[in-house]
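To start, the structure itself, in structure tokens.
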Amino acid sequence: MSPRRNHRRDRRTDPSGAGEGGVRGTETTEDWRGEEWVVRRVTGAAAVKHYRCPGCDQEITPGLPHVVAWQRFGAVEDRRHWHSGCWQARDRRAPVVRRSRNAPRY
């Protein structure tokens, strides 16, 4: 058996557990449709609010790991929270078209 690690993490300097600048999760840059996007992976522990995924139009519940994406030079209000699978399949996912109940489906 391997020894247990009984030492505590020092959270006195940053009680939120966030990294430098208060940023949680890992942040990368991806190219999509000719634009540069910033993608941040959010852990389940850091997800504390309800969001609506633009890929599937379903709710992202608190505690569910997901992705936050926005254009590199876009506004802060343009950030969108995606399910991880929806973000990976974003080329196959189109914005959901809302129809009334009596509209034809063709």
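The values are calculated or read from the model by the stated rules, or taken from the named source; none is laboratory data. Everything numeric in this text was worked out from a predicted model, so none of it was measured. So basically every Cβ, Gly included, is an ideal-geometry build from the backbone, and we count neighbours across all protein chains shown. For accessibility, only protein heavy atoms count, side chains too; no ligands or nucleic acids. Shrake-Rupley method; radii C 1.70, N 1.55, O 1.52, S 1.80 Å.
Observations
- Among residues of region 80-93 being part of a loop (DSSP other than H, G, I, E, B) and surrounded by 15 or more Cβ atoms within 10 Å (Cβ to Cβ), the one that is modelled with the lowest pLDDT is Arg93.
- Of everything in region 38-79 that is of a type in the set (S, T, N, Q) and under 13 Å from the mean Cα position of the chain (by Cα), the residue that is surrounded by the fewest Cβ atoms within 10 Å (Cβ to Cβ) is Thr61.
- Selection count, region 24-33, where residues are over 14 Å from Arg90 (Cα atoms), assigned to a loop (DSSP other than H, G, I, E, B) and open to solvent by 60 Å² or more (accessible area, probe 1.4 Å): 1
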